[in-house]
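Below is one structure, written out as structure tokens; the observations come after it.
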Amino acid sequence: MSSSSQISYKLYYFNAYGRAEVLRFLFHLAEVEYEDVRIEFADWTKTKQEMGFKQVPVLEVDGKRLTQSVAITRYLAREFGLYGKDNWECALIDSFVDNCQEIIEKAIVIIKTFEPEQRKKEIEKLQADVPKEFEELEKLVGDNNYFIGDQITVADLFFYNTVSIVSQFASNFLQTCPKLEALRSKVEAHPRVADWLHKRPATSYTG
């Protein structure tokens, strides 16, 4: 275990999966203890005044706070040795994460759309776009069924979480992507990932 085990971590997010779940995966994969502070949606109006940019997730590290989910993801990945081995690998991982983040944003639009007809249109757009997005990612999976190298990195975790979020609104989008399906299965079967999936609180991907 890394020296990160001596650091006090608090992760603030809704009582949901959403943008924070990949961060929880990182903690469990690295076997690093943290306080998983879950905010109920009913309390958000009051609580958000205490959060940077009035958003979550927020990561507190020995009392210092960091905002923005992707920035937090990259920070923890570096701390826990789940990033690239050199600057080039880190840049490639950044590109994979950014691509997945763009896909997630399309799902977030749906989550935030409440007018039925507009929501239907956004879902149809996502269903049309997502297969093409994943077909591009399919080309980037390495020979070891990971995006980079021969072991799991934050890019693989971020991809797995992206699939979970998008699955709320689309199905069968990995049918034409056997490498991505193999990667998804490999991440899910990792003992520490599987342990978290088994014991995490049941909730939604909203948020």
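The values are calculated or read from the model by the stated rules, or taken from the named source; none is laboratory data. Since the model is a prediction, treat every value here as computed from it, not as a measurement. All Cβ positions, even for glycine, are placed from backbone atoms using ideal geometry, and neighbour counts span all protein chains on display. Please note that ligands, DNA and RNA were not included when accessible areas were found on the heavy atoms of the full protein model with its side chains. Shrake-Rupley method; radii C 1.70, N 1.55, O 1.52, S 1.80 Å.
Would you pick out the residues in the range 106-137 that are of a type in the set (Gly, Ala, Ser) and in contact with a Leu (Cβ under 8 Å, 6 or more places away or on another chain)?
Start the filter on the range 106-137 by keeping residues that are of a type in the set (Gly, Ala, Ser), which leaves 107, 128.
107, the sole residue that qualifies.
Among (1) closer than 25 Å to residue 194 by Cβ; (2) in contact (Cβ under 8 Å) with a residue 60 or more places away in the chain; (3) surrounded by fewer than 20 Cβ atoms within 10 Å (Cβ to Cβ); (4) among the hydrophobic types (A, V, I, L, M, F, W, C), there is one condition residue 140 misses while meeting the rest; what is its number?
Failing condition for residue 140: (2).
Does the range 154-177 contain any residue that is hydrophobic (A, V, I, L, M, F, W, C) and touching a Pro at 6+ places or on another chain (Cβ under 6 Å)?
Here is the first cut: in the range 154-177, the residues hydrophobic (A, V, I, L, M, F, W, C) are 154-155, 157-159, 163, 165-166, 169-170, 173-174, 177.
Adding the requirement that they be touching a Pro at 6+ places or on another chain (Cβ under 6 Å) leaves 173.
Yes - at least one qualifying residue is present in the range 154-177.
For residue 106, indicate whether it is farther than 30 Å from residue 36 by Cβ, among the charged types (D, E, K, R) and either part of a helix (DSSP H, G or I) or open to solvent by less than 60 Å² (accessible area, probe 1.4 Å) (or both).
Details: farther than 30 Å from residue 36 by Cβ: no; among the charged types (D, E, K, R): yes; either part of a helix (DSSP H, G or I) or open to solvent by less than 60 Å² (accessible area, probe 1.4 Å) (or both): yes.
Answer is no for this residue.
Could you please give the count of residues in the range 42-88 that are open to solvent by less than 50 Å² (accessible area, probe 1.4 Å), among the polar types (S, T, N, Q) and not in a helix (DSSP H, G or I)?
Counting residues in the range 42-88 that are open to solvent by less than 50 Å² (accessible area, probe 1.4 Å), among the polar types (S, T, N, Q) and not in a helix (DSSP H, G or I) gives 1.
For the range 3-31, how many residues meet the condition of being part of a loop (DSSP other than H, G, I, E, B), farther than 23 Å from residue 188 by Cα and at pLDDT below 95? Please lay out each step first, then the result.
Our first condition is that a residue be part of a loop (DSSP other than H, G, I, E, B); within the range 3-31, this holds for 7-8, 15-17, 31.
Add one more test, that the residue is farther than 23 Å from residue 188 by Cα, and what stays is 7-8.
Checking the rest, the ones that are also at pLDDT below 95 come to 7.
Count: 1.
Of all the residues that make up the range 32-57, how many are closer than 23 Å to residue 202 by Cβ and not basic (Lys, Arg)? So that I can check it myself, show each step before the final result.
Taking the range 32-57 as the starting set, the residues that turn out to be closer than 23 Å to residue 202 by Cβ are 33-44, 47, 56-57.
Within this subset, residues satisfying the condition of being not basic (Lys, Arg) are 33-37, 39-44, 47, 56-57.
Number of matching residues: 14.
(1) at pLDDT below 90; (2) buried (at least 19 other Cβ atoms within 10 Å of the Cβ): which one isn't true of residue 172, the others all being true?
Failing condition for residue 172: (2).
Tell me yes or no: at least one residue of the range 192-204 is open to solvent by 40 Å² or more (accessible area, probe 1.4 Å), closer than 19 Å to residue 107 by Cβ and assigned to a loop (DSSP other than H, G, I, E, B).
Checking the range 192-204: at least one residue is open to solvent by 40 Å² or more (accessible area, probe 1.4 Å), closer than 19 Å to residue 107 by Cβ and assigned to a loop (DSSP other than H, G, I, E, B).
Hey, any hits in the range 126-133 for a residue that's of a type in the set (S, T, N, Q) and assigned to a helix (DSSP H, G or I)? Reasoning before the result, please.
Here is the first cut: in the range 126-133, the residues of a type in the set (S, T, N, Q) are 127.
Filter once more, keeping what is assigned to a helix (DSSP H, G or I): 127.
Among the residues of the range 126-133, at least one is of a type in the set (S, T, N, Q) and assigned to a helix (DSSP H, G or I), which makes the answer yes.
Answer yes or no: is there a residue in the range 150-158 that is of a type outside the set (Ser, Thr, Tyr), under 25 Å from residue 90 (Cβ atoms), assigned to a helix (DSSP H, G or I) and over 16 Å from the mean Cα position of the chain (by Cα).
We begin by selecting, within the range 150-158, every residue of a type outside the set (Ser, Thr, Tyr); these are 150-152, 154-158.
Narrowing the set further to residues that are under 25 Å from residue 90 (Cβ atoms) leaves 150-152, 154-158.
Next, only the ones that are assigned to a helix (DSSP H, G or I) stay: 154-158.
Among the residues that remain, those that are also over 16 Å from the mean Cα position of the chain (by Cα) are: none.
There is no residue in the range 150-158 that is of a type outside the set (Ser, Thr, Tyr), under 25 Å from residue 90 (Cβ atoms), assigned to a helix (DSSP H, G or I) and over 16 Å from the mean Cα position of the chain (by Cα).
Only one of (1) at pLDDT 95 or above; (2) open to solvent by 60 Å² or more (accessible area, probe 1.4 Å); (3) out of contact with any helix residue (DSSP H, G or I) (no Cβ under 6 Å at 6 or more places or on another chain) fails for residue 179. Which number is that?
Checking residue 179 against (1) at pLDDT 95 or above; (2) open to solvent by 60 Å² or more (accessible area, probe 1.4 Å); (3) out of contact with any helix residue (DSSP H, G or I) (no Cβ under 6 Å at 6 or more places or on another chain), the one that fails is (3).
For the range 60-82, name all the residues that are touching a residue at least 24 places away in the same chain (Cβ under 8 Å), of a type outside the set (Phe, Trp, Tyr) and closer than 22 Å to residue 96 by Cα. Give the derivation first.
As a first pass, look at the range 60-82 and keep what is touching a residue at least 24 places away in the same chain (Cβ under 8 Å): 60-63, 69-70, 72-74, 76-77, 79-82.
Now restrict to residues that are of a type outside the set (Phe, Trp, Tyr): 60-63, 69-70, 72-74, 76-77, 79, 81-82.
Answer for the range 60-82, where residues must be touching a residue at least 24 places away in the same chain (Cβ under 8 Å), of a type outside the set (Phe, Trp, Tyr) and closer than 22 Å to residue 96 by Cα: 69, 70, 72, 73, 74, 76, 77, 79, 81, 82.
Answer with yes or no whether residue 123 is of a type in the set (Val, Ile, Thr) and either open to solvent by 70 Å² or more (accessible area, probe 1.4 Å) or in contact (Cβ under 8 Å) with a residue 40 or more places away in the chain (or both). Full working, then the answer.
Working: of a type in the set (Val, Ile, Thr): yes; either open to solvent by 70 Å² or more (accessible area, probe 1.4 Å) or in contact (Cβ under 8 Å) with a residue 40 or more places away in the chain (or both): yes.
It is true that residue 123 is of a type in the set (Val, Ile, Thr) and either open to solvent by 70 Å² or more (accessible area, probe 1.4 Å) or in contact (Cβ under 8 Å) with a residue 40 or more places away in the chain (or both).
Using beta carbons and a limit of 6 Å, which pairs, at least six apart or on different chains, have the first residue in the range 21-49 and on the phi > 0 side of the Ramachandran plot and the second one modelled with pLDDT under 95 and open to solvent by 70 Å² or more (accessible area, probe 1.4 Å)?
Close Cβ pairs satisfying both conditions: 31/1.
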